[in-house]
Structures are given as structure tokens and as C-alpha cells.
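A.B. asks: I'd like to ask you about the structure that follows.
Any read-out appearing in this document is the output of simple, stated calculations on the displayed coordinates, not a laboratory observation. Because the structure is predicted, anything quoted here is derived from the model rather than measured. Cβ placement follows ideal geometry from the backbone for every residue including glycine, while neighbour counts extend to all protein chains displayed.
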Amino acid sequence: MLSYFKNFFDTVRTVFEGLSVTFSYLIRHPITIQYPDRIDYRVQDTLPRRYRGHLEVDLDICTNCKACERECPISCIAITDSDEPDKKRWMAEFDIDLAKCMYCGICSEVCPTGAIRHSQEFEGACYDPIAMARHFVLDSPMAPFKPTRGGETDSALARKVEIGKDYMDVFAQPK
């Protein structure tokens, strides 16, 4: 009989311990911030440099190797070649369906020139999932970019140097 009352009081005590946290929030001021109306700064400025936002493509340095399309685990990237027989590797369309994309970053890792990358954009809410498809339609078929031998493209190299500077700045900050 003594163990019964001991268990009963332990149960009541632990319930009140758990509810004490809940009751403490009843007397606190709310900490909810109305987004995006009452924010003094851009949210993109608070994101880290390596944030995986929406995908963007630099078609000027795309080699049309289709590595991103092959490696995408859910096939959200579609590259259409030209219909003209003399321009068989020329790119006509580059489509990314962000409604299917899981932002894994595999496509940007396998790109040899760094043409596809994640941006800082993250707001993609819409009522229709078809609106989340990004179509990079070209006016006319585009010849694939031919990188220089023995090195990376200038934009990919510049981006790596820029990221390296950011890392050095982070490590150089006093703590």
C-alpha cells in the first residue's frame, strides 16, 4: 500500500514538473516576429554562404554534358537538345522543377564548370506546383561552352577563391 501512494505522488510531481515549463510561457511576452512585414533586415543576409536555396543556372558556361540531369536522384532537371541535325549537342531548353527538387546539391557537385549552383533565394511558396518549374528557354539553340584545357572555368575558379576568402574571414574573426 505504501508503494502505491509513493507511485501516485511521484506521478503527480512529474506531471507538475512538466507543466511548469508550459505554465511559465503563459506569463512571458510572445517572441513571434511578423514576417516579412516587420523585419529591419533582409533574411538572405542572415543565411550562411553555403546555404542550399533554389537552383540557378549560368547558361553561358554550361557545356551541355548533362551530368546534372543524369545524377539527379529524382529527375527534376530536364535538358532538351536542339532538333536540328547539324546542331545535335546544342541546348534548346534547360528546365528545373523545384517542386520535386530535394536540394541535395548533387547536381552542383558533378557540374564540371560550376554552371548550376544553389542561390540564396528560398521563398518559393505558391498555390500551383506548376509555377515552381524554372524554364531556362533559349531564343535559339545554344552551342555548348568549351572550357580551356588544363584548368577550370574562370567563374568556377573565382567562386572557389571567393568561398576560400569567406572561410578565411570566418577563421580570422576574434572570438
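A.B. asks: Check which residues have an amide H placed less than 5 Å from residue 90's amide H, if you skip close sequence neighbours.
C.D. replies: Distant-sequence amide H within range of residue 90: 82.
A.B. asks: Testing the spin-label approximation: label points 7 Å from Cα along Cα→Cβ at residue 70 and residue 40. State their distance in nm.
C.D. replies: About 5.2 nm, to one decimal.
A.B. asks: Please give the contour-minus-distance gain from residue 1 to residue 23: 0.36 nm per residue of separation, less the Cα-Cα distance, rounded to one decimal in nm.
C.D. replies: Numbers: separation 22, 0.36 × 22 = 7.92 nm, distance 3.26 nm.
In short, 4.7 nm is gained.
A.B. asks: In addition: Give me 146, 87 sorted ascending by neighbouring Cβ count inside 10 Å, so fewest comes first. Can you show the working numbers first?
C.D. replies: On the way: 146 7, 87 15.
Neighbour counts put them in this order, fewest first: 146, 87.
A.B. asks: How high is the FRET efficiency from residue 86 to residue 60, r the C-beta distance, R0 22 Å, rounded to 0.05? Write out the running numbers ahead of the final one.
C.D. replies: Working: r = 22 Å, r/R0 = 1.01.
The calculated FRET efficiency here is 0.50.
A.B. asks: Subtracting the Cα-Cα distance from 0.36 nm times the residue separation, let me have the gained length for residue 106 to residue 32 in nm, one decimal.
C.D. replies: On the way: separation 74, 0.36 × 74 = 26.64 nm, distance 3.51 nm.
Full-extension gain reported as 23.1 nm.
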